[in-house]
Every structure is written in structure tokens, then in C-alpha cells.
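The values are calculated or read from the model by the stated rules, or taken from the named source; none is laboratory data. This one's a predicted model, so the numbers in the text were calculated from it and none came from an experiment. Using ideal geometry, Cβ is built from the backbone for each residue, glycine included, and neighbour counts are taken over all protein chains shown. Please note that ligands, DNA and RNA were not included when accessible areas were found on the heavy atoms of the full protein model with its side chains. Shrake-Rupley method; radii C 1.70, N 1.55, O 1.52, S 1.80 Å.
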Amino acid sequence: MPAGPRGYRGRVGSSSAFDGVDPEIRALRASSFGGQAAAYAKERPDYPDDALLWALEPVSGRAPLRVLDLAAGTGKLTEVLLRHVADVVAVEPDAAMLAQLRRRLPGVRALAGTAERIPLEDGSVDAIVVGQALHWFDLDRSVPEMARVLAPGGVLAGLWNLDDDRVPWVQGMKEAAASTVSFRQWWPASIPLEGPHFRVVEHAEFAHGQRRTAESMAATIATHSHVLTLSKAERAELLARVLGYLRSTPETAHGEFELPITTVTVRALLA
């Protein structure tokens with residue numbers, strides 16, 4: 001149902017975004033980012049402020065507000081958090097990604113840890129935000145662990161930047177990249193959260209964008225897990241195909257262009 005300029009809100013479904021995916025392939029893709037941590041930090045988009053503020057809305061009146069950025073990567077979402085929240089802790093399992101975060105945001109408390117084993121005390125944060133990563137979690141183990149570190153009435157929120165393939169040239173680029181990570185093809189709001197630990201699961205959509213060139217767009221796609229896990233030859237072939245498409249498409253062939261992104265945000269209240 002409509003939610004004004006913020007897009008659409010609704011109940012989150014019960015099916016997993018990774019139904020039917022081989023567990024070994026999923027694990028390989030989940031652990032693929034560290035080798036390209038610097039490129040990830042440089043090329044991936046940030047997150048819109050209004051998406052984050054909607055995620056934190058249920059606990060926005062708490063002072064001081066304590067927020068955990070879980071699976072924080074190189075700090076893309078952490079950086080946005082710092083514009084609104086003073087007390088932020090970041091937790092990331094990959095050493096290379098964590099090193100990038102510490103280098104970029106030296107003032108942030110940044111810890112090694114996983115969603116299944118969070119190195120924080122019970123009830124120590126008011127909100128947990130997860131950027132581009134909740135779909136990688138082992139939810140059977142991570143959901144009770146996330147509930148453990150949340151204070152009463154706390155909120156869990158996942159945010160995903162999805163290339164908006166409702167735009168025809170974006171759809172063509174996704175086909176050239178053999179990618180399923182886009183707005184119409186992959187729907188993270190289907191990740192099951194509602195249960196004994198969390199309730200009132202909602203989602204909202206927010207318009208976002210990123211200035212790119214054909215070369216930087218290909219570099220962004222090179223940081224996606226389905227590309228990182230290809231052989232060197234396969235990766236080169238795919239990226240050459242993407243570049244060829246972007247250089248021959250009117251919307252993207254002449255210098256900078258705007259990549260349309262929809263940021264889908266899911267939030268759930270601690271039961």
C-alpha cells in the first residue's frame with residue numbers, strides 16, 4: 001500500500017530469497033568479497049538517508065541511540081549511520097573488509113564477528129542494521145543471536161540497493177552481466193523474520209542512484225558475488241560484454257550517467 005514519497009510498505013512474506021540455491025555455492029559467494037575489499041569500498045553505492053531513518057524510526061526517540069551495523073563490510077552503511085547516530089558499533093567477519101572499514105572510519109568501534117556469534121553483551125543495542133548482507137545469514141542461528149543483543153523494543157533492519165531493472169537499459173545491462181541482483185529478479189523482502197523473536201515485519205522502498213561511467217559501472221559489477229566466483233577468463237569475458245553493452249547504449253555511451261537504484265528496507269520489531 002502507498003506510503004507517500006517513501007515508496008511502498010507491506011508485510012514481508014515467508015519464503016527465502018535463496019530457495020533452491022546450492023548451499024556450497026551460497027557459501028562460496030558469501031565469502032567472496034574480501035579479495036576485492038578495496039574495489040568494494042570504492043565502487044559500491046552508499047545508502048539513502050531516508051531509508052536509514054525509516055529503519056530506525058521505531059527507536060528514534062531513544063537517547064543515546066545505540067546502533068549496531070552488522071556485517072558492516074567496508075563501512076558503506078556505517079558512514080551513513082554516523083550522520084545521524086553518535087553511538088555506532090560495526091561488526092564484520094571478513095578481515096580484509098574490516099581493515100577497509102577501520103581505514104576509512106578510524107573513529108568507529110569495529111569488531112570481528114559474525115551474525116551467528118555477535119561479540120556484544122545482551123541487550124546492548126537499540127537497533128541492528130544490515131546493509132546488503134541479511135540474505136547471507138544462517139537465520140536459524142542469527143535471528144536468536146540478533147534478538148539477544150537487542151534491548152527491549154529494539155529494531156532489526158535490512159537494507160538492499162537493487163539496480164532498478166524496470167528501466168529498459170538497466171534490464172539490458174543485467175542480462176549482459178548474467179545478474180539476478182536487481183529489483184524485479186530478486187526480492188529480499190521475502191526473507192522470513194517474523195516468528196518468536198521478531199514481529200511487525202514491514203518493508204519500504206526508496207529511490208536512490210549513483211553516478212557511473214561505463215568503466216566504473218563495469219567495476220561495480222565486478223564486485224558482485226556471482227562475478228567474483230568466476231574463473232579469471234570467465235570474469236574477463238563477462239565484463240567485456242558489459243562494457244560493450246554500456247558503450248553502445250545511448251543512455252550510457254557518453255560519459256557519466258545515473259544508475260537508478262531502489263533501496264528496499266525491511267524492519268522488524270523485537271517481540
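Below are the figures for this structure:
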item	result
Accessible-area composition of the stretch 57-199, carbon plus sulfur, in percent [1.4 Å probe]	51 percent
Net +/- balance of residues flanking Lys76 in space, Cβ distance below 12 Å, scoring K and R +1, D and E -1	-2
Ordering of 153-160, 71-78 by packing [mean C-beta count within 10 Å, highest first]	71-78, 153-160
Global geometry of the stretch 72-155, whether rounded, prolate or oblate, following the gyration tensor of its Cα atoms and the 1.5 cut on a/c	oblate
Cβ-based net charge around Pro93, under 10 Å, with every Lys or Arg adding one and every Asp or Glu removing one	-2
Charge context of Glu43, other residues only, Cβ under 11 angstrom, K/R +1, D/E -1	+3
The stretch 124-229, accessible area per residue, ligands and nucleic acids excluded (1.4 Å, Å²)	32 Å²
